[in-house]
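Heads up: the structure comes next, in structure tokens.
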Amino acid sequence: MRNVGKFIIDLKQLHKRVFFYRSRVQENINRLQNRLAQTEEPLLKNEIIRNIKIYENLYRSLVKVEALLEVLIIKLETIGFINITTNDILVVKDVLGKMAGDVREIPDISVVVEDLVDRANDILDTFPESRSMLLPSVEETRKIISEAEVIAKEKLKELTTY
């Protein structure tokens, strides 16, 4: 199951990339908030506030994606390489597919997510079960997304909104 190990490593690298982007977006929000505090001109203030809101929306998406990746990585590592089943890979693929919408505006990340979905398909081809009979567990996908949302909400408490 060397492919599964590489898949988990790539999920971790994507997680690091999302963390990096989230950190940069947070820095931009902080920079704009400092600039807003020093600006007196109403038109410029409105433009800065608009930009802060754009970055905050991006930040929320990145926090959600980061939390989803954390849950997926923990799930796959906990199961272990030997016990990973076709259903586990299907669930990860389904979550990644749903996650793609949150990062479609960030080409660096969206391309990696798409690649991981393709690689999940490749891994599924190596399992002996018939792919035509397999469907991802909707309940398991919902559970992972729900767990990630709880994590994301905790992380978002640090973000102030205007």
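The values are calculated or read from the model by the stated rules, or taken from the named source; none is laboratory data. Values in this document were obtained by computation on a predicted structure and should not be read as measured data. Neighbour counts run over all protein chains shown; Cβ positions are idealised from the backbone, glycine included.
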- Arg60 fails exactly one of (1) at pLDDT below 95; (2) basic (Lys, Arg); (3) farther than 24 Å from Ser146 by Cβ, namely (3)
- Item | Number of the exception - Arg104 against (1) surrounded by 11 or more Cβ atoms within 10 Å (Cβ to Cβ); (2) at pLDDT below 85; (3) not hydrophobic (A, V, I, L, M, F, W, C) | (2)
- Task: Collect the residues in the range 103-118 that are of a type in the set (Asp, Glu) and either within 11 Å of the chain's Cα centre (by Cα) or not in a helix (DSSP H, G or I) (or both), keeping them in residue-number order.
- Result: Glu105
- Matching residues in the range 49-61 - criterion: being surrounded by 19 or more Cβ atoms within 10 Å (Cβ to Cβ) and hydrophobic (A, V, I, L, M, F, W, C): Ile52, Leu58
- Message: Out of the residues in the range 123-162 meeting the condition of being acidic (Asp, Glu) and either over 21 Å from the mean Cα position of the chain (by Cα) or at pLDDT 85 or above (or both), tell me which one is nearest to Ile49 (Cα to Cα).
- Response: Asp125
- Item | Within the range 21-48, considering residues that are of a type in the set (A, V, I, L, M, F, W, C) and surrounded by fewer than 16 Cβ atoms within 10 Å (Cβ to Cβ), the one farthest from the chain's Cα centre (by Cα) | Leu43
- Task: Being outside any helix (DSSP H, G or I) and not acidic (Asp, Glu) is the filter here, so list the residues in the range 6-62 that pass it.
- Result: Thr39
- Test Leu72 against the criterion of being out of contact with any Gly (no Cβ under 7 Å at 6 or more places or on another chain), in a helix (DSSP H, G or I), touching a residue at least 12 places away in the same chain (Cβ under 8 Å) and within 17 Å of Arg119 (Cβ to Cβ), and give yes or no. yes
